[in-house]
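Below is one structure; the comments refer to it alone.
The values are calculated or read from the model by the stated rules, or taken from the named source; none is laboratory data. In this text, all values refer to a predicted model and were calculated from it rather than measured experimentally. Reconstructed Cβ throughout: ideal geometry from the backbone, glycine too, with neighbour counts over all protein chains shown.
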Amino acid sequence: MDIEFKLNEFSGPLDLLLHLIKQNKMDIMNIEVEKITDQYMAYLSQQEKMNLEIASEYLVLASELLEIKSKLLLPHEKILEEDLEEIDDPRSQLVHRLLEYQAYKEITKVLQDKENVRKEIYTKTPDSFQKYVNFSDIQFCGDVNLDDLILAFRGYLERKNATKPLNTKVTMKEITVTSRRHDIRKLLKEKGGKVSFFELFPVVSKEYIVATFLAILEMAKNQELVIVQNNNFDEIICEVAYAE
């Protein structure tokens with residue numbers, strides 16, 4: 001059987017051996033060692049004819065194959081006593097190594113496929129919440145500050161059972177901070193320029209809540225609205241910020 005392989009086709013001697021087994025449609029548990037050894041040696045001979053350097057690990061496996069082949073050809077009574085444990089099947093250790101290598105190779109292919117799929121996915125870098133929180137110019141009136149607002153918001157979420165996993169179902173329409181700012185402006189206009197803070201959260205979903213909260217903070221920073229609480233524990237109100 002003529003064999004024509006390129007040296008760089010295989011990642012190592014076990015890879016070549018596994019290829020020969022598959023090419024000959026052999027059962028890996030019942031390798032025809034004599035046939036496989038002849039083909040393996042033919043491969044090494046081909047590399048020599050092409051003046052290509054043969055890696056030492058290929059030569060090591062070649063010697064192992066020749067040893068196994070010789071043991072299988074010798075009558076059992078001529079095998080030394082220390083080799084009796086291997087009389088049943090001198091191929092067992094090689095088969096174990098091949099099965100282990102095959103398993104790693106299959107896992108590697110799965111991981112490579114997953115990597116290729118992941119390369120086709122592009123994601124947006126998450127916004128830092130700090131750039132919204134660390135505003136020194138957010139307009140608050142009365143007995144309310146940013147910490148109070150966050151605490152009140154947290155209490156609202158708890159009442160809405162929003163501390164449980166929120167709805168993360170993918171929707172066709174993306175909810176953005178910009179779109180929520182537009183919705184808030186529209187609602188303020190409809191409500192005469194004043195609306196309850198919690199009324200701005202009619203939908204309890206992760207994307208909607210985060211986008212709305214950030215939109216409120218950004219509008220307060222840009223002095224589009226003022227966050228008002230006249231006394232502790234009073235309702236928090238968002239009002240249009242009228243220029244003086």
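Just for the range 185-211: of the residues that are among the hydrophobic types (A, V, I, L, M, F, W, C) and touching a residue at least 40 places away in the same chain (Cβ under 8 Å), which one is surrounded by the fewest Cβ atoms within 10 Å (Cβ to Cβ)? Working first, answer last.
Let us first name the residues in the range 185-211 that are among the hydrophobic types (A, V, I, L, M, F, W, C), namely 187-188, 195, 197-198, 200-201, 203-204, 209-211.
Keeping just the survivors that are touching a residue at least 40 places away in the same chain (Cβ under 8 Å) gives 188, 195, 197-198, 201, 204, 209.
Details: Leu188: 19, Val195: 19, Phe197: 20, Phe198: 16, Phe201: 19, Val204: 14, Ile209: 21.
The selected residue is Val204.
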Top-ranked residue of the range 48-61 - restricted to ones that are more than 16 Å from Ser11 (Cα to Cα) and at pLDDT 75 or above, ranked as nearest to the chain's Cα centre (by Cα): Glu48
Any pair with Cβ under 8 angstrom, 6 or more apart, that starts in the range 146-160 at a residue that is assigned to a helix (DSSP H, G or I) and ends at one that is among the polar types (S, T, N, Q) and modelled with pLDDT under 75: Leu157/Thr163
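Just checking, does the range 166-180 include any residue being over 33 Å from the mean Cα position of the chain (by Cα), at pLDDT 75 or above and surrounded by fewer than 19 Cβ atoms within 10 Å (Cβ to Cβ)? Quick ask: steps written out before the conclusion?
First pass over the range 166-180, keeping only residues over 33 Å from the mean Cα position of the chain (by Cα): none.
No, the conditions are met nowhere in the range 166-180.
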In the range 212-227, the residues that are of a type in the set (Gly, Ala, Ser) and either farther than 13 Å from Asp183 by Cβ or surrounded by fewer than 20 Cβ atoms within 10 Å (Cβ to Cβ) (or both): Ala220
Hits in the range 13-49 (condition: in a loop (DSSP other than H, G, I, E, B) and in contact (Cβ under 8 Å) with a residue 40 or more places away in the chain): Ile28, Met29, Ile31
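Quickly run through the range 231-244 and pick out the residues that are surrounded by 12 or more Cβ atoms within 10 Å (Cβ to Cβ) and at pLDDT below 85. Show your work before the answer.
As a first pass, look at the range 231-244 and keep what is surrounded by 12 or more Cβ atoms within 10 Å (Cβ to Cβ): 234-241.
Those that are surrounded by 12 or more Cβ atoms within 10 Å (Cβ to Cβ) and at pLDDT below 85: Asp234, Glu235, Ala241.
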